[in-house]
Amino acid sequence: MQRKYKFKLVTFIMLLSLLPTINFNGFSSESNKENVKINSLEKMLSSQGVSAATQTLINRQSVSPSGTTFNGNSVSQPSRTPLPQNSVEDAIMPNSFGWQQTISNLTLPTNQVTAVQNGTIIGSYPTTDAGVQQSLYAMYSATNASTSDFVLYYGANTTLSNSVLKAVVSNPSATNMTFSTLKGHAKSLTWISNPADLLTSSNSSQPSGTNYTVTLPSNVYFGVPTIFRNVTVAASGIIFMPKGTHLQRQMAHG
């Protein structure tokens with residue numbers, strides 16, 4: 001037991017001898033650092049600290065660099081295809097389609113319906129609906145018909161019925177031909193019932209000279225661009241059905 005106490009006593013004396021060499025400022029510095037950290041964290045978490053930090057962040061975000069240019073991609077307005085529009089034509093000769101010359105220089109038989117191709121007579125027939133069908137078939141069967149401008153001259157008063165029907169005849173003939181069946185077999189068709197066929201007539205009054213009347217049913221169907229020039233047309237509640245083609249009135253009265 002005495003030996004044990006002697007060992008403790010020696011150890012205590014050695015510690016006392018080391019006290020002058022121990023730096024107690026180090027412990028104090030570390031303690032201060034912890035206090036500083038704690039105080040800073042408390043300050044940041046306080047209402048004043050949060051407000052100041054938020055304001056600083058807003059200020060930094062609101063500042064924009066000067067002298068910079070936009071580097072993004074500009075988007076242009078997409079192009080739009082305009083809708084198709086077909087204007088209504090009411091013109092005085094000459095114009096964009098139809099036979100552009102007078103037929104007054106031709107020898108036109110009286111009391112006949114005459115078919116004219118590009119200024120040349122190709123046939124004359126009775127002034128009946130059947131005669132009109134014969135004239136139409138002569139146009140249909142003509143050489144280079146699809147690229148030709150035709151004229152149908154009415155040399156007497158004529159009443160139409162079967163020739164203006166809607167149906168496109170699959171196997172046309174001189175007895176069943178219709179205006180609709182001319183589709184694809186004529187460039188244009190011009191109606192005329194005044195043999196003088198003046199190209200300077202008024203577009204709002206009946207042409208001078210002989211004027212024959214073409215009487216039509218309520219519904220009339222056409223297959224090619226058609227012009228009414230120097231012609232008198234009579235009908236009650238008439239409805240023209242051009243079936244995708246043009247109709248034009250030139251110096252006509254009806």
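The length gained on full extension between THR143 and ALA130, counted as 0.36 nm times the residue separation minus their Cα-Cα distance, comes to 2.5 nm. Surface exposure of the range 89-172, expressed per residue as accessible area with a 1.4 Å probe, stands at 46 Å². Computed from the alpha carbon atoms alone, the convex hull of the range 93-183 holds 101 Å³ per residue.
Taking each residue as 0.36 nm, the span from MET14 to VAL168 lengthens on full extension beyond its C-alpha to C-alpha distance by 42.2 nm. LEU216 contributes about 10 Å² of solvent-accessible surface, heavy atoms of the protein only, 1.4 Å probe.
Of the residues MET14, MET139, the one with the largest accessible area comes first in the ranking MET14, MET139, computed with a 1.4 Å probe on protein heavy atoms.
Here the 3J(HN,Hα) profile of the range 148-162, calculated from phi with Karplus coefficients 6.51, -1.76 and 1.60 at θ = phi - 60°, is 9, 9, 9, 10, 10, 9, 9, x, 6, 4, 9, 10, 9, 8, 5 Hz, Gly and Pro shown as x.
The values are calculated or read from the model by the stated rules, or taken from the named source; none is laboratory data. This structure is a prediction, so every number in the text was calculated from the model and none was measured. Note: areas computed on protein heavy atoms with side chains; ligands, DNA, RNA excluded. Shrake-Rupley method; radii C 1.70, N 1.55, O 1.52, S 1.80 Å.
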